[in-house]
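Quick notes on the structure that follows.
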Amino acid sequence: MSSAWQSYSFLFGPTVALAILVVLMVLLKWTFSTGRSVIARPGRPGQPEDYGLLVPVASPATMIEAEVLRRTLEAADVRATVAETLQGPRVMVLRQHVQIAKHVLERKPG
C-alpha cells in the first residue's frame with residue numbers, strides 16, 4: 001500500500017459508518033413520515049346502499065339477531081355478512097344471491 005493511503009485509512013471506517021447512518025436516518029424518516037398507521041382503523045357505519053356489491057336482505061333489531069340470520073344463510077350455502085349501518089344492523093349478501101337469501105330467510109322457522 002502506498003503511504004498516502006495509510007495516512008487516510010483511519011478515516012475510512014468512521015466515514016463509511018457515518019454514511020450508513022445518514023442513509024438509515026433518511027430511510028427511517030421517509031418510512032415513518034407518511035402519516036398513515038399500519039394498524040387499520042375500525043370501520044365506520046354507513047348507509048345500507050354504500051356497501052358496493054353487498055345488498056341488505058334483512059333488517060334485524062340487534063346484532064345478535066343479525067348473526068343468527070347470517071348463520072342461517074351460511075348453513076344454506078349462501079355467503080352473507082353483517083354490517084352495522086346508520087339505520088342499524090343489516091344482513092348483507094351479494095346482489096346475485098338476494099333472491100336465494102330471501103327465500104331461505106322466509107323458510108326460517110321461528
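Computed from the coordinates by the stated procedures, all read-outs in this text should not be read as laboratory data. Everything numeric in this text was worked out from a predicted model, so none of it was measured. Cβ atoms come from the backbone with ideal geometry, glycine included; neighbour counts cover every protein chain shown.
Given a cut-off of 15 Å, what percent of all Cα-Cα pairs of segment 27-110 lie beyond it?
Summing the P(r) of segment 27-110 above 15 Å gives 61 percent of all pairs.
Could you run the Karplus curve 6.51 cos²θ - 1.76 cosθ + 1.60 with θ = phi - 60° over segment 12-23 and give me ³J(HN,Hα) per residue in whole Hz, x for Gly and Pro?
The phi angles translate into 4, x, x, 5, 5, 4, 5, 5, 5, 4, 5, 4 Hz.
Take each of the peptides 59-67, 43-51, 81-89, 21-29, average the number of other beta-carbon atoms within 10 Å over its residues, and list them starting from the highest.
Highest-to-lowest ranking by the protection proxy: 81-89, 59-67, 43-51, 21-29.
Using only helices, what value at 222 nm comes out for the chain when you add -39,500 (n - 2.57) per DSSP H run of length 4 or more and divide by the total residues, to the nearest 500 deg cm²/dmol?
Counting only the DSSP helices, I get -16500 deg cm²/dmol.
Would you mind counting up the charge near residue 89? Only other residues with Cβ under 11 Å from its Cβ, with Lys and Arg at +1 and Asp and Glu at -1.
Here the count lands on -1.
If you stretched the chain out fully between residue 61 and residue 79, how much longer would it get, using 0.36 nm times the residue separation minus the C-alpha to C-alpha distance?
Using 0.36 nm per residue and subtracting the Cα-Cα distance, I get 4.4 nm.
Which whole-Hz ³J(HN,Hα) couplings does segment 78-84 yield from phi under the Karplus relation 6.51 cos²θ - 1.76 cosθ + 1.60, θ = phi - 60°, glycine and proline marked x?
So the J values, rounded to whole Hz, are 10, 5, 9, 9, 10, 10, 8.
May I ask for the percentage of alpha-carbon pairs in segment 20-74 that lie more than 17 Å from each other?
Percent of Cα pairs beyond 17 Å in segment 20-74: 65.
Under a plain spin-label model, where a point goes 7 Å from the Cα along Cα-to-Cβ, how far apart in nm are residue 47 and residue 99?
Each label point lies 7 Å from its Cα, and together they span 2.7 nm.
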